[in-house]
Amino acid sequence: MQSELKQMLSEAAGAIANCRTANDILNTRAQYLGKKSFLNSLYGRLKELSSEERPAFGALINEARTELETKLSAKEQELKASAWEAKQNTDMDLSLPGLYASRGSLHPIKVIRREIDRIFISMGFEIAEGFEIEDEFHNFDALNTPQDHPSRNLADTFYLENGMLLRTQTSTVQIRVMESHKPPIRIISPGRCYRNDKPDPSHSPVFHQVEALVVDKGISMSDLTDTLQNFATLMFGKGVKTRIRPHFFPFTEPSAEMDISCVVCKGAGCRMCKHSGWLEMGGAGMVDPNVFKAVGIDPEIYSGFAFGLGIDRITLLKYGIPDMRILFENDLRMLKQFRGESL
């Protein structure tokens, strides 16, 4: 065994001398000092020797291990010194500062979301959030949506197992709040929604929405229009105007669509507003009595209004982004161009 040990030491010395990188050092250490190395196996073979020979040969094994450790450490230091010397001999000025690491910033959607939150909080609203995975009752039934309504089709809604689905609107949060809180209620419910839409400049299967709900005694349509005008003024500036047009939604009666005067042409007419001078912002209306009945609120005592706005659409208008898909492509060029403040 002594001759085998000497041969191994000779081979290891040559391998160490040929090491050129830190990786070579690691591999050589594992080969000659690792658990499966020849040197380690010699400890198990001590039982082949007589009791008188074992102490002397055990000492030889330990000396060999120490010798290899010393040579490996010396070679490692030699390689480090050579690398440092090579750097010193280059034209690189090591006293110069390193590369600048750019600071991150909020995504434009997040900036607008926080601005919307601040505006509504200043108007006395509270923020309520809910589940992105919902059941049909909170997403459709409680919102007075009939079984044959197109929004309940597979072509429009992402259904999961056991009657669950990805919410198509944040109105689900309004239902849960009305179930658990008595009026007066004054909330907004911002968040992600999902619909089976093909991505195009104005649609996405994942989008962001904020809905508002006010429930109290004596709430009227004029309260709704005043709230919409105040929001538009605070978000887009004093010159913006609002209007509402008759529409239909299952969960509001009467229902309306909200428009604002074009923020690009100031109402004169341009490609953005299709030369109408107006931009569609979202749906609104007075809460349908059937919705109140579904959540246990007496429509003879209380009334309320609700409206929903697209956060993504507001972001496009505020930043002048022409295509909704740009918001979801994670393109650093877009994020740098429309860099938001770190709030």
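Do we have GLY267 as at pLDDT below 95, surrounded by fewer than 21 Cβ atoms within 10 Å (Cβ to Cβ), part of a strand (DSSP E or B) and of a type outside the set (D, E, K, R) here?
no
With the requirement that a residue be surrounded by 16 or more Cβ atoms within 10 Å (Cβ to Cβ) and without any contact (Cβ under 8 Å) to a residue 24 or more places away in the chain, what does the range 205-241 give you?
THR225, GLN229, THR233, VAL240 - these are the residues of the range 205-241 that are surrounded by 16 or more Cβ atoms within 10 Å (Cβ to Cβ) and without any contact (Cβ under 8 Å) to a residue 24 or more places away in the chain.
Any idea which of (1) among the hydroxyl-bearing types (Ser, Thr, Tyr); (2) surrounded by fewer than 13 Cβ atoms within 10 Å (Cβ to Cβ); (3) assigned to a loop (DSSP other than H, G, I, E, B) is the one SER82 doesn't satisfy?
(3)
Just to be sure I understand the filter: pairs with C-beta atoms under 6 Å, separated by 6 or more residues or on different chains, first member in the range 262-288 and β-branched (Val, Ile, Thr), second member part of a loop (DSSP other than H, G, I, E, B) and surrounded by 15 or more Cβ atoms within 10 Å (Cβ to Cβ). Which pairs pass?
What qualifies is VAL264/MET272.
Can you tell which of TYR100, TYR32 is surrounded by fewer than 10 Cβ atoms within 10 Å (Cβ to Cβ) and either out of contact with any Cys (no Cβ under 7 Å at 6 or more places or on another chain) or within 30 Å of LEU332 (Cα to Cα) (or both)?
After ruling out the rest, the residue left standing is TYR100.
How many residues does the range 133-148 contain that are exposed (fewer than 15 other Cβ atoms within 10 Å of the Cβ) and modelled with pLDDT of 95 or more?
Final tally of qualifying residues: 2.
Of all residues in the range 10-21 being part of a helix (DSSP H, G or I) and surrounded by fewer than 12 Cβ atoms within 10 Å (Cβ to Cβ), which is farthest from the chain's Cα centre (by Cα)?
Across the range 10-21, the extreme among qualifying residues is SER10.
Among the candidates GLY130, GLY104, GLY191, single out the residue that is at positive phi and not in a helix (DSSP H, G or I).
None of the others qualify; the one that does is GLY191.
With respect to GLY98, is the statement that it is small (Gly, Ala, Ser), assigned by TED's automatic domain parsing to the domain that holds LEU332 and either at pLDDT below 80 or in a loop (DSSP other than H, G, I, E, B) (or both) true?
Here the answer is no, as GLY98 does not meet what is asked.
The values are calculated or read from the model by the stated rules, or taken from the named source; none is laboratory data. Just so it is clear, the model here is predicted, and its values are computed rather than measured. As a convention, Cβ positions derive from the backbone with ideal geometry for all residues, glycine included, and neighbour counts pool all protein chains shown.
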